[in-house]
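The values are calculated or read from the model by the stated rules, or taken from the named source; none is laboratory data. All values reported here derive from a predicted model rather than from experimental measurement. Backbone-built Cβ (ideal geometry, glycine too); neighbour counts: all protein chains shown. Protein only, heavy atoms only, side chains kept; ligands, DNA and RNA dropped before computing areas. Shrake-Rupley method; radii C 1.70, N 1.55, O 1.52, S 1.80 Å.
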Amino acid sequence: MSNGGPEIEQLIQLLARLPGLGPRSARRAVLQLIKKKEQLMIPLSAALERAVAAVTTCEICGNVDTRSPCHICADPRRAEAGLLIVVEDVADLWALERAGVGAVRYHVLGGVLSPLDGIGPDDLAIDQLLQRAPEFSEIVLAVNATVEGQTTAHYITDRLAGSGVKVTRLAHGVPVGGELDYLDEGTLSQALKARTEI
């Protein structure tokens, strides 16, 4: 049931499609935008128009930026980086950048292998990764510790076998500040297997 006109209802429906926003949250966001039309809605609309015109995907790594190659790939400090971090999604790349992992380069796969969802190797940027691999001394597979993520990591590792490039993955286990009592059995088991000397 709509309480506003079709334009308001369409705006609510579109916002409700965003991750973390359901119909109720979208409705509250739209009401806030309407209340603060001059301060929020008009600048947001203009910013969205500019973003639609400017945003592109990097031809090298798959990052989202306003230019291609992106700012990361064009950074001269990273030009000789021997470390390539492979991520599932742009959000993962941005998270690693926020963490300040250093002068590394990235490769965005665009997802993970998932036969149940019809996603195979040809649907991901795996061939592009294989073409870039010889430029690096080490490739870190920074994929999620899900079944699909691990399947993707094994597939890529098999495809890179014999290339002479060292392939590693992120450590899995107890998070910093984590309490053992609150962790699941899989995390504890993996942490024990990946233990290191103090």
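Of the GluC sites (Glu not before Pro) found in region 43-124, those that fall in a DSSP loop while having at most 13 other beta-carbon atoms within 10 Å are 59, 80. Given +1 at the Cβ of Lys and Arg, -1 at the Cβ of Asp and Glu and no other charges, the dipole of the chain around its Cα centre is 700 debye to the nearest 20. Ranking 101, 32, 10 by Cα position along the charge dipole of region 1-120, where only Lys, Arg, Asp and Glu carry charges on their C-beta atoms, puts 32 farthest toward the positive end.
Phi-derived couplings, Karplus 6.51 cos²θ - 1.76 cosθ + 1.60 at θ = phi - 60°, listed residue by residue for region 24-29: 5, 4, 5, 4, 5, 5 Hz, with x used for Gly and Pro.
With contacts taken as Cα pairs under 8 Å at a separation of at least 6 residues, region 75-140 carries a relative contact order of 41 percent.
Paramagnetic label reach from residue 130 (point 7 Å along Cα→Cβ; backbone nitrogen cut-off under 20 Å): within region 137-164, residues 137-143, 149-164.
Would you mind classifying region 113-198 by shape? Square roots of the alpha carbon gyration tensor eigenvalues, ordered a ≥ b ≥ c; an a/c under 1.5 is rounded, otherwise it is prolate if a/b is larger than b/c and oblate if not. In terms of gyration-tensor shape, oblate.
A straight Cα-to-Cα reach below 26 Å connects residue 193 with the lysines 166, residues fewer than 8 places away in its own chain not being considered.
Rounded to the nearest 0.05, the FRET efficiency derived from the C-beta distance between residue 161 and residue 75 at R0 = 30 Å is 0.50. The residues of the chain present an accessible area of 67 Å² per residue when probed at 1.4 Å with all protein chains retained. Compared with the dominant principal axis of the Cα atoms in the chain, helix 6-16 is inclined by about 20°. Taken over region 148-198, the percentage of Cα pairs per 5 Å bin, counting from 0 up to the bin with the maximum distance, is 4, 17, 19, 20, 16, 13, 7, 3, 1.
Listed peptides 171-182, 31-42, 125-136 appear in the order 125-136, 31-42, 171-182 once ranked by packing, highest mean of other Cβ atoms within 10 Å at the front. Here the spin labels are modelled as points 7 Å beyond Cα on the Cα-Cβ line, and at residue 52 and residue 14 they lie 0.7 nm apart. Kirkwood hydrodynamic radius of the chain, from the reciprocal of the average inverse Cα-Cα distance over all distinct pairs: 20.0 Å. The label point for residue 176 and the one for residue 122, both projected 7 Å from the Cα toward the Cβ, are 4.4 nm apart.
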